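The values are calculated or read from the model by the stated rules, or taken from the named source; none is laboratory data. A quick note: this is a predicted structure, and the numbers were derived from the prediction, not measured. For neighbour counting, all protein chains shown are included, and Cβ atoms are generated from backbone atoms with ideal geometry for every residue, glycine included.
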Amino acid sequence: MEKIDMHTHILPEKLPRFAEKFGYGDFIHLVHHKPGRARMMKGEKFFREIEANCWDPELRMREYEEHGTQTQVVCTVPVMFSYWAKPQDCLELSRFLNDHIAGLVQEYPGRYLGLGTIPMQDADTAIRELQRCREIGLRGIQIGSNINDKNLSEPEFFPIFQACEELDMAVFVHPWNMMGFHSMEKYWLPWLVGMPAETSRAICSMIFGGVFERLPRLRVNFAHAGGSFLPTIGRVQHGFNCRPDLVAIDNDKPPRSYLGHFWVDCITHDIKMLKYILDLVGPKRVTLGSDYPFPLGDLTIGAFIEDSDLPPETTQAIFRDNTLEWLGVG
């Protein structure tokens, strides 16, 4: 069965020292301290250790072959978004990353599809780079769950979403810059608690802000099975029902009416939860995602689905067809 992993991250093997070039900021750079390994440094502070499968396209393809997966949709690591930077500097960084991904797509046709990154902090600059992403062969963009702590419902971001719809570019929303990060750093809670909450924040913002209502052809996919949104949809809907004066101020359509409007990836690590999500959003709105190559992801690339009793047609939809529809391919 053909498999497309639509949630994977990649970096160039070498990154410029953007902080030195721009003269400010904790831009990420890499320190290759031993063969096949590098430290991601956020300014002078250690951020994460990565291995060669974060940058080596041939190694990645070999590892994917072990799991019967033919195609990877690649996007940058969210810490690279750099929305806090000056728009022109963020644009230069974005162009560097986007050109790298476009090069992979061109060099390995059929094995890689690409999503770009854009300077969301400035709509005009973001739209120009969005247009260029399309021109260089990328299928959409990856954005953060918030933009410098601003929700995706803010009017300043609407023109970007509108341009995505007009240009037929898919959107992948990934949690980052987790709220409450510094008050819960112990036990890896930002990743275990903050990330699911961030994704729910993004979905609720786009629903209540009327983004989906105003842009019915916008194709959006949310990471990590939609985070905590779908498990708490009952509470979200009840809040809409009991306090419309607080919730329904920009959009009077109930949140449940948008189930099936957007896509989510399958990263639940739990077949019972995946079945619940399939029941809510439908079998055509869940895509195969792994978060490769990071350990919190599903690094067996959907093996828990292959080992389940899901109908073959549902598995086929998750593994391939739904991603192609989301990306507008075929």
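Couple of notes before you dig in:
- Within the range 258-268, not a single residue is outside any loop (DSSP other than H, G, I, E, B), β-branched (Val, Ile, Thr) and in contact with a Cys (Cβ under 9 Å, 6 or more places away or on another chain).
- Scanning the range 275-309 for residues that are assigned to a loop (DSSP other than H, G, I, E, B), surrounded by fewer than 19 Cβ atoms within 10 Å (Cβ to Cβ) and on the phi < 0 side of the Ramachandran plot gives 283, 284, 294, 295, 296, 299, 300, 307, 308, 309.
- Taking every residue in the range 185-210 that is more than 23 Å from residue 263 (Cβ to Cβ) and pairing it with any residue that is part of a helix (DSSP H, G or I), at least 6 positions away or on another chain, the pairs with Cβ-Cβ distances below 6 Å are 190/181.
- Restricting 126, 102, 38 to residues that are more than 16 Å from residue 11 (Cα to Cα), of a type outside the set (Ser, Thr, Tyr) and crowded, with 17+ Cβ neighbours inside 10 Å narrows the list to 126.
- Filtered by the rule that a residue be crowded, with 18+ Cβ neighbours inside 10 Å, of a type in the set (D, E, K, R) and within 18 Å of residue 26 (Cβ to Cβ), the range 45-91 gives a lone residue, 89.
- From the list 134, 128, 95, the one residue that fits, being part of a helix (DSSP H, G or I) and over 19 Å from the mean Cα position of the chain (by Cα), is 128.
- When residue 94 is tested against (1) touching a strand residue (DSSP E or B) at 6+ places or on another chain (Cβ under 6 Å); (2) under 27 Å from residue 149 (Cβ atoms), just one condition goes unmet, and that condition is (1).
- Taken residue by residue, the range 230-244 has at least one member that is buried (at least 22 other Cβ atoms within 10 Å of the Cβ), closer than 27 Å to residue 314 by Cα and either over 20 Å from the mean Cα position of the chain (by Cα) or in contact (Cβ under 8 Å) with a residue 12 or more places away in the chain (or both).
- Any chance residue 323 is crowded, with 21+ Cβ neighbours inside 10 Å and either modelled with pLDDT of 95 or more or on the phi < 0 side of the Ramachandran plot (or both): yes
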